[in-house]
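My questions will all concern the structure given below.
Bear in mind that the values in this text are calculations on the coordinates, not laboratory data. What you see is a predicted model; the values in this text were computed from it and never measured. Because the Cβ atoms are built from the backbone with ideal geometry, glycine has one as well, and the counts that use them run over all protein chains shown.
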Amino acid sequence: MATRNRTTVYRKHRDACKSARAPLSDSFGGPVIEMVSGSFTQSNHSSYAPLSTNDPGTSSSNDAFTIGLPPAWVDDSEEITFNIQKVRDKMGELAKAHSKALMPTFGDNRGDHRVVEMLTHEITDLLRKSEKRLHNLSTREGPSEESNLRKNVQRSLATDLQSLSMELRRKQSTYLKRLQQQKEVLYQFFHAS
């Protein structure tokens with residue numbers, strides 16, 4: 001995965017926001033939190049201004065800056081991203097469980113097969129929950145400025161979910177085929193004589 005260093009852009013944006021008094025995200029319709037600069041370690045909590053949706057230009061403090069809250073759809077996208085990471089971790093566990101369940105043993109390995117079933121069920125539930133949240137993400141309304149951003153995030157998350165779902169189906173299909181082959185070999189071995 002390719003990455004790029006956005007530190008200089010972030011610093012320019014941060015410095016511009018410190019010098020400007022306009023809210024960062026007020027165009028998204030979210031509430032604005034005003035904070036008066038000062039030491040955060042002071043025990044006097046009166047340096048914080050109350051949560052307001054008023055124009056920050058009317059603030060009584062000369063050195064206040066504003067922080068806009070992100071749009072509501074960001075929560076959905078963050079939860080989907082978290083679920084995608086959990087699914088990837090569970091897929092790794094599932095691959096190990098498949099290998100263990102397919103190892104030839106002299107005893108009963110039904111416990112290994114139950115672990116495979118449980119992991120498959122957990123992964124499927126996470127994928128379903130994520131798909132529902134993705135649907136919520138697509139039905140959210142907002143300003144047209146953020147519409148393209150929301151659609152791009154939605155497409156990216158949908159692509160990730162689709163690839164994980166296809167990978168799960170492929171792994172399960174391979175596992176079930178190998179399990180069937182093992183059963184056929186055992187049947188032939190015991191009934192060949």
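Taking K and R as +1 and D and E as -1, what net charge do the other residues with C-beta under 9 Å from the C-beta of R140 add up to?
-1
Can you list the GluC sites (Glu not before Pro) in the stretch 126-177 that are in a DSSP coil and have 15 or fewer other beta carbons within 10 angstrom?
Passing both the DSSP loop test and the Cβ count: E141.
Arranged by the count of other C-beta atoms within 10 angstrom, fewest first, what order do I84, I123 take?
So the residues, fewest neighbours to most, are I84, I123.
Going by how many other Cβ atoms sit within 10 Å of their own, how do K12, K171, K129 line up, fewest first?
K12, K129, K171
When we measure straight from the Cα of K177, which aspartates and glutamates land under 16 angstrom away, once same-chain ones fewer than 8 places off are left out?
E117, E167
Then there's this: Output the Cα-based Rg and Dmax of the stretch 73-191 in Å, rounding Rg to one decimal and Dmax to a whole number.
Just the Cα atoms of the stretch 73-191 yield Rg and Dmax of 19.2, 70 Å.
Length gain on complete extension for the stretch H121 to K183, per 0.36 nm per residue less the alpha carbon to alpha carbon distance?
Contour length minus the Cα-Cα distance gives 20.0 nm.
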